[in-house]
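Colleague: Can you read through this structure? Questions will come right after.
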Amino acid sequence: MAEGGIITVDDCFNEAWPGVTDGVHQSFAEPRSIVPFGIGAAKTFFCQRVFVQQYAAVLRKMDPKATEHDLLGCRVACFDYKPWTLTGWVRKADAFRIFRRAFHDVLSRLPG
């Protein structure tokens, strides 16, 4: 995984795909260098421990109703996403730009 990278696992808590959750729990049975930092939109987001606070903060800004829960021994930002209206899609695109900007900001400060 590249420094500052993000891994997104789709359908981690989808009742139609229980094997995804099983696989995540099996993969994290032993300590890893990546940890979860967010859950929402049927996705679970992972990154290196050093980036958790910054990435989770960006996700919290995207949804003021976000809550926090424990997953695999880590606090994660959790969101209750609903189907999007056209206005919602526009806001989502804006939120993605904010997230992408923060991600690239982190990358620009990395050595090399």
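Colleague: Report, by residue number, each residue of the stretch 11-50 that is under 19 Å from Met62 (Cα atoms) and in contact with a helix residue (DSSP H, G or I) (Cβ under 8 Å, 6 or more places away or on another chain).
Modeller: Phe37, Gly38, Gly40, Thr44, Phe45, Cys47
Colleague: Given the criteria surrounded by fewer than 19 Cβ atoms within 10 Å (Cβ to Cβ) and assigned to a helix (DSSP H, G or I), does Asp22 qualify?
Modeller: Considered against the rule, which asks whether it is surrounded by fewer than 19 Cβ atoms within 10 Å (Cβ to Cβ) and assigned to a helix (DSSP H, G or I), Asp22 comes out as yes.
Colleague: Which one of these does Thr8 not meet: (1) more than 19 Å from Ala102 (Cβ to Cβ); (2) out of contact with any Cys (no Cβ under 8 Å at 6 or more places or on another chain); (3) among the hydroxyl-bearing types (Ser, Thr, Tyr)?
Modeller: Just one mismatch for Thr8, condition (1).
Colleague: Go over the candidates Ala77, Ala41, Ala66, Ala29 one by one and state the one that is of a type in the set (Gly, Ala, Ser) and without any contact (Cβ under 8 Å) to a residue 12 or more places away in the chain.
Modeller: Of Ala77, Ala41, Ala66, Ala29, the one residue that is of a type in the set (Gly, Ala, Ser) and without any contact (Cβ under 8 Å) to a residue 12 or more places away in the chain is Ala29.
Colleague: Next up: Only residues that are under 26 Å from Gln54 (Cβ atoms) and not aromatic (Phe, Trp, Tyr): list them for the stretch 26-40, please.
Modeller: Matches in the stretch 26-40: Ser27, Glu30, Pro31, Arg32, Ser33, Ile34, Val35, Pro36, Gly38, Ile39, Gly40.
No value in this document is a laboratory result; all are computed from the given coordinates. The model shown is predicted, which means the values in this text are computed figures rather than measured ones. FYI the Cβ positions are ideal-geometry reconstructions off the backbone, even for glycines, and counts take in every protein chain you see.
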